[in-house]
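What follows is one structure encoded as structure tokens, with my remarks underneath.
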Amino acid sequence: MKKLLLGLPIAAALLLSACGETTVEKVDGKEIQSTEKKKEEKKDVVYKVGDTVKINDVEYTIKSAKLSNGQQYVEPSKGKVLTIDLTATNKSDSKVYISSGEFNLSKGDEQLENYFADKAHIGADLNKGKTISGVIQYDVEGPGTYELIYTPTFSLDAKEIKWKISVK
């Protein structure tokens, strides 16, 4: 029994060693000097459509965001479907899991529901150096400004990365 009790903390430490602090940086071809980088990390940065953001060695780009009426037999309950076209590139040295389930959309204080139809949502192991594209769809009322929030699954600091998305 004592061996079991001693082994549990060691096993927990080994499992959590793979999880770490989330690193986030905007990719724009320019290097940020260390003092500027520290200032940028302290404020809550909100990205926009077209920005490429590197999160834990994976680069995410929101390529576009468009409203539609949804599918013929799967009507959205709020009236419209917001389709967000996303690309992820694995810049790490190992395989990573990419999932549209790590993203949430909100408008004001309301978190919005996903819209599921025949479009392929992202959910795959991405090999090193490879890129995947797909869409994330949400049931929305219509035009407006939305906030897309990404929270990495395997991170201890629960850091959120935010994009401001305006659609007409």
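The values are calculated or read from the model by the stated rules, or taken from the named source; none is laboratory data. For clarity, every value in this text was computed on a predicted model and none was experimentally measured. Neighbour counts are summed over all protein chains in view; Cβ atoms, including those assigned to glycine, are modelled from backbone coordinates with ideal geometry. For the accessible areas, the whole protein counts, side chains as well, though only heavy atoms, and no ligand, DNA or RNA atoms are used. Shrake-Rupley method; radii C 1.70, N 1.55, O 1.52, S 1.80 Å.
Of note:
- Subset of the stretch 141-162 [assigned to a strand (DSSP E or B) and in contact with an Asp or Glu (Cβ under 9 Å, 6 or more places away or on another chain)]: I149, Y150, S155, K162
- Residue count for the stretch 48-66, restricted to those that are within 13 Å of V135 (Cα to Cα), surrounded by fewer than 17 Cβ atoms within 10 Å (Cβ to Cβ) and in contact (Cβ under 8 Å) with a residue 24 or more places away in the chain: 2
- Residues that are free of Cβ contacts under 8 Å to residues at least 40 places away in the same chain and within 13 Å of the chain's Cα centre (by Cα) within the stretch 127-168 comprise A158, E160, listed in sequence order.
- Condition broken by I122, with the remaining ones in (1) modelled with pLDDT under 90; (2) open to solvent by 20 Å² or more (accessible area, probe 1.4 Å) satisfied: (2)
- Only one of G108, G142 that is on the phi > 0 side of the Ramachandran plot and touching a Gly at 6+ places or on another chain (Cβ under 7 Å): G142
- Restricting attention to the stretch 67-90, the residues that are open to solvent by 50 Å² or more (accessible area, probe 1.4 Å), within 18 Å of Y146 (Cα to Cα) and in a loop (DSSP other than H, G, I, E, B) add up to 3.
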